[in-house]
Structures are given as C-alpha cells and as structure tokens.
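K.L.:
Got a structure here, written out as structure tokens. Questions coming.
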Amino acid sequence: MRVGLLTSGGDCQALNATMRAIVQTLSYQTHEQTEFYGFLDGYHGLVCNQYKRLTKQDLLDGLIQGGTILGTSRMPFKQIDEPMEDGTRKVPAMIQTYQQHKLDCLFVLGGNGSTKTANRLREEGLNIIALPKTIDNDTWGTDLTFGFTSAIEIVTRYIDDIRTTATSHGRVFVIEAMGHKVGWIPLYAGIAGGADVILIPEIPYDMKRIVAAIEHDQTEGERASIVLVAEGALSKAEAKLTKKEYKALLAKREEPSVAYVIARELERLTDREVRVGLPGHSQRGGAPDAQDRLFATQCGIEAAEAALEGKYGILVAQKKGKMCRVPLDEVAGKLKYVNPKGEMVKEARYMGISFGDA
C-alpha cells in the first residue's frame, strides 16, 4: 500500500497519537511493505508536493507528543478554487500529487473546514478517510473528537488555579475559553471547574442575569466568582443582529474580546473587583491526556481497518461509545452545537450554574 497523511487546520494534542495508530496498524496488518507519505503543513503540502516519508520510528513518541510532526496550516474551503499567488490551481494540484505518488488513499486529520475539503477531493475521485480532529468537539456525526478532552483538562486546571487567587482577594474572574461558534469546551470545563456562570454561543446572555447570579453567590458567602465565557458568546441583543450587523459591531468594539466586554460591564454594574483570565492557545498545547490518547488510537485503528477493507469516503467516528464510520458527504460542512435543552445544560442548571439567560 501507498498512503498519504496530512494534518490540517488548528493543531491539537493527539494528532501524532492518531498518526501513530494508523502507521502501526497498517504496518502490522499488511503482509507487504506499506509506504507512508506525510504531507507537510496540511493541504499546502499536498498542493505543493511537499512531504516526508514516515516510518514507525518517526512516531514512537506519538502518544505523548503534542502538536503535529507534519506541521499544519489553514486553507479555507471558500478559497479552495481560488488560485495561489503563483497561479497554481489548488484542487488539480492536489489530485496531481495524489496520482503522482500512486496513493491508495489519503488520511485527513482535520476539523470542519478540513473535512469539507476532504469531501471535495472525494467528489474528485480520490480515496479519502477523514478523522475528527478539533478541540471544539463540534464535528457532526461523532460524539467525540480528539483534542477535546485535553482542552477541557487545561481549562479546568486554569479555573482551579485562578480560584485560589480570586478567593484570596474576593474577586470576580472572567475566563475566556475557546469556542467561536459552539460551547462544548466552556460547558464541560465550566462544570468540571465549578464555574458560577457559563456563557456559550448557543445561549445568548443578559448582563442583568449574570450580575444577579454573582450577587446571589456573594450573599451565600462565596468570596470568588468565576464566569467562564466562550470566545463566541453573544448577548441577547447581539443575537438578534444580522451577520453583517454583528461584524460591523465587532469592528467598532474597543475591547480585544468578549471577556473584556463582560468584565467592563460587571465592574460598572457591581461593586466587585473584576479581572480577566485568558488560557488562550495553551488549550491546544502540551501532551494529550489519557482519554485523548485512547480515542486517538481507536480512531487510527478504525481508519487503518477501513483502508485495508477498501472503504473510503468516510469519517471515522464514535457514537454511544462505539467506533463507527459515517459517510463523508453527510458530515462535511455541518457543525454539532450544544443543545440548550440538553442533559448537560439541565444538570448544570440543577446545580445552580447560570447561563446568563434566566
């Protein structure tokens, strides 16, 4: 067999662990030598035919090594048919590279945008197997994505560390977690870290409700208040705007992010001292946690088995704890949102956690 691998979009903690499982499984399960072509910096490497030959030795530390040994980059799907600066047409160039190396299949480790491009290549006749990579856990068709549980762990530890200083000084801390369009990270980390308020894009907030929640905690004797906010959180007024109107609003915003907007309003509406905390890109960094290592390994094995069976045009997924395969054209371009009436949200509300809406 001759197979290609690439990692596309934002990096995360278990990319190398996933590639390790693919390479090891194919190496052990095939009776003839398998050639592995790792394309550098995502789809850019496939376009420009930039690659390195991979062996099992290259990925010996894959389980514990964060990031990606192949490098990654973003190639927005909406620009996929726009030529590069030198005039290179991206899709034809990717097809040419695939055919030049006589690949039997291409493994694409990526999130939603990367999956859309993967599906485009499938439509062009290439044998594609996609694997669900994103810390946001927003890939349609799978209950879990690798990178997600490691990000939760990082944000939870960040909340733990902030809480001690917040308690010492009696402060409110507004902590901003990743989640531009969906709120899985702040939802899970907020519950795990005991946040008082969790703000996610799927549930528009009202500042008066946030203030009421903080004041209630204060009357209960709590010195510290933790507001965990997704980077894409919206107020109820903002949620009513058109996309164009909202973009215009963001362009005029003086604060660098929504966390600073909320902190400013809390200082104005309360007598509390407010600080902002930003875990930032550390949410993507470091070694994967045990759950991510396990799931990444399962994904890699399932993807390798699909290749051995000649089953292409699929996304490797997990549903209700079992590995499965989902047709790529059914998931490409779709996001998995938090259900505002789902079990996790209900359970958080039962605990007294506010979502800023009621």
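The values are calculated or read from the model by the stated rules, or taken from the named source; none is laboratory data. Fair warning: this is a prediction, and the values are worked out from it, not measured in the lab. Note: ideal-geometry Cβ built from the backbone for every residue, glycine included; neighbour counts use all protein chains shown. We work out accessible area using only protein heavy atoms, side chains counted, and drop any ligands, DNA or RNA first. Shrake-Rupley method; radii C 1.70, N 1.55, O 1.52, S 1.80 Å.
K.L.:
Note down the nm distance, to one decimal, between modelled labels 7 Å out along Cα→Cβ at residue 335 and at residue 88.
P.N.:
Label at residue 335, label at residue 88, 3.1 nm between them.
K.L.:
Note down the nm distance, to one decimal, between modelled labels 7 Å out along Cα→Cβ at residue 33 and at residue 241.
P.N.:
Label at residue 33, label at residue 241, 5.9 nm between them.
K.L.:
Which of (i) 70, 40, 31; (ii) 82, 50, 36; (iii) 87, 44, 40 is the computed Cα extents along the principal axes in Å for the structure on display?
P.N.:
(i)
K.L.:
Same structure, new question: Would you tally the net charge around residue 12, using a Cβ to Cβ cut-off of less than 12 Å, leaving residue 12 out, and scoring K and R as +1, D and E as -1?
P.N.:
Once positives and negatives cancel, what remains is -2.
K.L.:
While we're looking at this one, here's another question. Share of the chain's accessible area from carbon and sulfur, percent, 1.4 Å?
P.N.:
48
K.L.:
Fully extended, how many nm does the chain gain between residue 248 and residue 358 (0.36 nm per residue separation, minus their Cα-Cα distance)?
P.N.:
36.8 nm
K.L.:
Cα centroids of the stretch 116-172 and the stretch 1-34: how far apart, whole angstrom?
P.N.:
The two parts, judged by their Cα centres, are 20 Å apart.
K.L.:
Return the calculated 222 nm mean residue ellipticity for the chain, to the nearest 500 deg cm²/dmol, obtained by summing -39500 (n - 2.57) across DSSP H runs with n ≥ 4 and dividing by the residue count.
P.N.:
The per-residue figure over the chain is -12500 deg cm²/dmol.
K.L.:
Assuming R0 = 25 Å, can you tell me the calculated FRET efficiency for the pair residue 123 and residue 56, based on Cβ-Cβ distance, to the nearest 0.05?
P.N.:
0.15
K.L.:
Can you work out the PRE-style zone for residue 102? Point 7 Å along Cα to Cβ, and I want the residues of the stretch 37-57 with backbone N under 18 Å.
P.N.:
Answer for the stretch 37-57: 37-38, 53-54.
K.L.:
Now for a different question. Please work out the Cα center distance from the stretch 38-89 to the stretch 217-244, rounded to the nearest Å.
P.N.:
37
K.L.:
Normalised by the residues of the stretch 142-238, what does the relative contact order come to in percent, with Cα pairs under 8 Å and at least six apart?
P.N.:
36
K.L.:
Another question about this same structure. Hey, what's the stretch 1-113 come to in accessible area per residue, 1.4 Å probe, Å²?
P.N.:
It amounts to 45 Å² per residue over the stretch 1-113.
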